[in-house]
Each structure stands twice: as C-alpha cells, then as structure tokens.
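What follows is a short report on a single structure.
The values are calculated or read from the model by the stated rules, or taken from the named source; none is laboratory data. Bear in mind the structure is a predicted one, so any value in this text is a computation, not a measurement. Glycine also receives a Cβ, built like all others from the backbone with ideal geometry; neighbour counts cover every protein chain displayed.
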C-alpha cells in the first residue's frame, strides 16, 4: 500500500480551524499518516482580512514556526514546516521576497482573493448571482497562471480549481482554461495537489476536477495529496481515494515533498 501523506493541513494558528497543531499531528499519527505538512495561511494585508479570520495573524507567525519545529522532534511521523501563501496579483501590498520562505519545506500557492473579493467565503456567496461567470473564471485562471509562473517559491499549487467551490456550473468550455493552467504549472516547475476537501464543499468534487487533473498529467506536472484539514477528524479524509483519483487520471507516481524542499516520487 502506498504510504499515507497529507501535504495541506491547518490548525488554530489560523483562527478558523478547530484543533491545535499538536492534536492535528497526533490525529495524523493515529490514522497511520507517515508524512504531513503543517501549512498555515501566511499573513495577508489587514485591509483584506480585517477580522483576522481568513489567515494567520502576522504576530503569530514566529510562534507557529516554533510549534512546528517542536513537532518535528517526534519520531513517529515526519512533519514538514509549510505555509499557504496567497497570490494577490495587483492587490499585493506586502514586500515579499522569495528568500522570506527559505525556512519553509513546503509553500502552497493559492488564489482565495480575486480582485479583493474573498470568493471562497460563505458570507460572500450571494455575490455569485451577479457575476459574469465566464469573465470571472478567466480572471481566476489569469491570476493562477501568474502565480504558477511567478518568482515566488511555490512548491505546490493548492486546490487548483477552488473557483468552482460556490460557482454556478459553467456552461462554457473549460478545456482551454485547463490547458492554460497545465502549461503554466509545467513552465513554472510547480507541483499540484489532489485536495480532498472539495468533495465536502458545495461543488462536491475534489480539486482539481478529473479533466483538469488529466491536463496536468498530460503536461508532466507532478501531483501530491492534501486533505486541507481544519480539524483532526478530517486529517486523513479520503487520502486513499485520492490515490485512486490520481490513478484514474493516468498518474503512476505520487510526489512526496520532503524537508529542505526535496521531493520523492513514490509508485502509486
């Protein structure tokens, strides 16, 4: 059996997760997970998150890093120090440099905000009623491709088509957008993930969709797995099903990020 991994998890450091980091790690051990990454939301500008509920507050960053390093002393699981970094495009006001992330083993690249709109929040769902759907999906993909080809040190592009979380089902052809995303991931040298949380969101489908995952595979983009767990009960949710999902898309190997920005390829 392929070893169990999850490269996308959250704890109470981000203010919208349920369980503390130590409890998340212990739950992973209890579930038989061999490798996990703690990937807390990297702080974003206050004007985008005035309630400090969407990401980790900047004042907690060092405490988070210290807490993960403490967990790395365990001998019953391999814990990676990671973060989930939002790509904000033209709305970026942080003075970020690639070297700021040298201490992280895994940096997830994410698009949660599109032109300052937190599109993945339940409280903003009503706005979808007035969205030009095709234009919005194109804008999301534009930002995603920017991120994938940027000089930010993204290890893995997370939940690639999270735009579908609350979106009405598009009636236009998504394949050209998928092809753009797959090319951008290849050109940027990024990995992607199968994120199992999508199956439990309104879209009821893993991220990415089967067609998008096949596009990534066709471009030779390596793939890992993350549960995007925000509570200990979800730490191992659907990992083995995610492996089957990858196999169905044509993948024969699983990417397993390692400390020091390494990666191992494991047969599925």
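Taking residue 232 as meeting all but one of (1) over 14 Å from residue 199 (Cα atoms); (2) in contact with a strand residue (DSSP E or B) (Cβ under 7 Å, 6 or more places away or on another chain), write down the number of the exception.
Only one criterion in (1) over 14 Å from residue 199 (Cα atoms); (2) in contact with a strand residue (DSSP E or B) (Cβ under 7 Å, 6 or more places away or on another chain) is unmet by residue 232, namely (2).
Scan segment 1-18 for residues that are touching a helix residue (DSSP H, G or I) at 6+ places or on another chain (Cβ under 6 Å), surrounded by fewer than 21 Cβ atoms within 10 Å (Cβ to Cβ) and at pLDDT 95 or above and jot them down.
Matches in segment 1-18: 4 only.
So which of 28, 34, 38 is surrounded by fewer than 17 Cβ atoms within 10 Å (Cβ to Cβ), in contact (Cβ under 8 Å) with a residue 12 or more places away in the chain and either in contact with a strand residue (DSSP E or B) (Cβ under 7 Å, 6 or more places away or on another chain) or closer than 23 Å to residue 103 by Cα (or both)?
34
For residues in segment 53-67 being within 16 Å of residue 230 (Cα to Cα) and free of Cβ contacts under 8 Å to residues at least 60 places away in the same chain, which is surrounded by the fewest Cβ atoms within 10 Å (Cβ to Cβ)?
53
Tell me yes or no: at least one residue of segment 100-109 is under 20 Å from the mean Cα position of the chain (by Cα) and exposed (fewer than 12 other Cβ atoms within 10 Å of the Cβ).
Yes, that holds for at least one residue.
If the requirement is being in contact with a strand residue (DSSP E or B) (Cβ under 9 Å, 6 or more places away or on another chain), touching a residue at least 40 places away in the same chain (Cβ under 8 Å) and buried (at least 21 other Cβ atoms within 10 Å of the Cβ), which of these qualifies: 48, 85?
85
Is there a residue being crowded, with 24+ Cβ neighbours inside 10 Å and in a loop (DSSP other than H, G, I, E, B) anywhere in segment 194-211?
Yes, there is a match, as at least one residue in segment 194-211 is crowded, with 24+ Cβ neighbours inside 10 Å and in a loop (DSSP other than H, G, I, E, B).
Please enumerate the residues belonging to segment 180-193 that are assigned to a helix (DSSP H, G or I) and under 24 Å from residue 237 (Cβ atoms).
none
What are the residues in segment 146-179 that are crowded, with 20+ Cβ neighbours inside 10 Å and not in a loop (DSSP other than H, G, I, E, B), if any?
Result: 147, 148, 156, 157, 162, 163, 164, 177, 178.
Would you point out the residue of segment 221-259, among those that are assigned to a helix (DSSP H, G or I) and under 21 Å from residue 21 (Cα atoms), that is modelled with the lowest pLDDT?
259
If you scan segment 119-137, which residues turn out to be over 19 Å from the mean Cα position of the chain (by Cα) and either part of a loop (DSSP other than H, G, I, E, B) or within 14 Å of residue 164 (Cβ to Cβ) (or both)?
125, 128, 131, 132, 133, 134, 136, listed by residue number.
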